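The values are calculated or read from the model by the stated rules, or taken from the named source; none is laboratory data. Source: prediction; values computed, not measured. So basically every Cβ, Gly included, is an ideal-geometry build from the backbone, and we count neighbours across all protein chains shown. With ligands, DNA and RNA removed, areas are computed over all heavy atoms of the protein, side chains included. Shrake-Rupley method; radii C 1.70, N 1.55, O 1.52, S 1.80 Å.
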Amino acid sequence: MIDWNKIDTVLLDMDGTLLDLNFDNHFWQEFVPLKFAEKRGIAIAEAKQLLEPRFKSMEGKLEWYCLDYWSEALELNIAGLKAEIAELIAVLPHVVEFLEKVHQSPRKVLLVTNAHQGSLGLKMEKTCLYRFFDDIISSHTLGFPKEHAEFWHQLQRQQPFEKHNTLLIDDSLAVLSAARQFGIEHLISVSRPDTQLPKKEITGFPAIEDFRELMAGL
């Protein structure tokens, strides 16, 4: 799937790519509505009805990923709530094997994530994956989400890379599309970001179910 001889820089997403998206799906779809319902004294079903359009309206925006924004908007300690269920944070199958191999190679390996620093810190502490990266970049430090063209311009200024020698692996098709428009040549999606859900049918990008599919020739 990848000719590793052509790759100098590897850009990796975190949630749904390296980490099981089940944590985030459960957190936003079940745990936050539960805590919101408890605070408001309403049923969970009503809380979900109230929250769903609010969440939907922020998708693809930096605020959607910002724990401070949602803490204020929902009057809940979102970072604290994430820590309460941190035992659900899990690395996807064969990710560590892949990261060990690519880290030992001469390539630059960067974690590029929309995760807010509070969530990013918790997940790196829980998984210890930070040791595999030359640098970790959150979209919150660049001021634009990865779905926005300006994120990629800012990233290239901060971490110079050649577009034709760079690989991005991400479970978000919107992010992959933005990266493609920017000119990153090698793009791969993840077809099973949440281990509790069926494999997704991906169109428009090559996709892997787990990282063993990329390890040949690495």
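Take every pair of alpha-carbon atoms less than 8 Å apart whose residues are at least six positions apart; their mean separation over the length of the chain yields a relative contact order of 29 percent. Ranking M58, L155, I136 by how far each Cα lies toward the positive end of the dipole of the chain (charges on Cβ) leaves L155 at the top. In sequence order, region 212-218 has phi-based couplings of 4, 5, 9, 7, 5, x, 7 Hz under the Karplus curve 6.51 cos²θ - 1.76 cosθ + 1.60, θ = phi - 60°, and Gly or Pro positions carry x. The count of lysine pairs in region 106-218 whose Cα atoms are under 29 Å apart, excluding pairs fewer than 8 places apart on the same chain, comes to 15. What do you get for the angle between helix 95-104 and the principal long axis of the chain? Use alpha-carbon atoms, 0 to 90 degrees, nearest ten. Approximately 40 degrees, to the nearest 10. Axis of helix 173-182 versus longest Cα principal axis of the chain: the two differ by about 40°, to the nearest ten degrees. Packing-based ranking of 210-217, 93-100 yields 93-100, 210-217, ordered from highest to lowest mean Cβ neighbour count within 10 Å.
Could you calculate, for region 1-90, the ratio of the Cα radius of gyration to the Kirkwood radius, expressed as Rg to Rh?
Details: Rg = 16.5 Å, Rh = 14.9 Å.
Result for region 1-90 is an Rg/Rh of 1.10.
Among the protein heavy atoms of the chain, carbon and sulfur supply 49% of the accessible surface, probe 1.4 Å, non-protein parts ignored. Dividing the Cα radius of gyration of region 12-149 by 2.2 N^0.38 Å, with N the residue count, gives 1.12.
The residue list F205, Y69, F98 was ranked by how far each Cα lies along the charge dipole of the chain toward its positive end, using unit charges on Cβ atoms, and F205 comes out on top. Of the trypsin sites (Lys or Arg not before Pro) in region 124-209, the ones in a loop by DSSP (not H, G, I, E or B) with at most 12 other beta carbons within 10 Å are K199.
For region 150-218, just say rounded, prolate or oblate: build the C-alpha gyration tensor, square-root its eigenvalues into a ≥ b ≥ c, call rounded for a/c under 1.5, and beyond that prolate if a/b exceeds b/c, oblate if not. Prolate, since a/c reaches 1.5 and a/b exceeds b/c. Note that the chain presents 47 Å² accessible area per residue, ligands and nucleic acids not counted, probe 1.4 Å.
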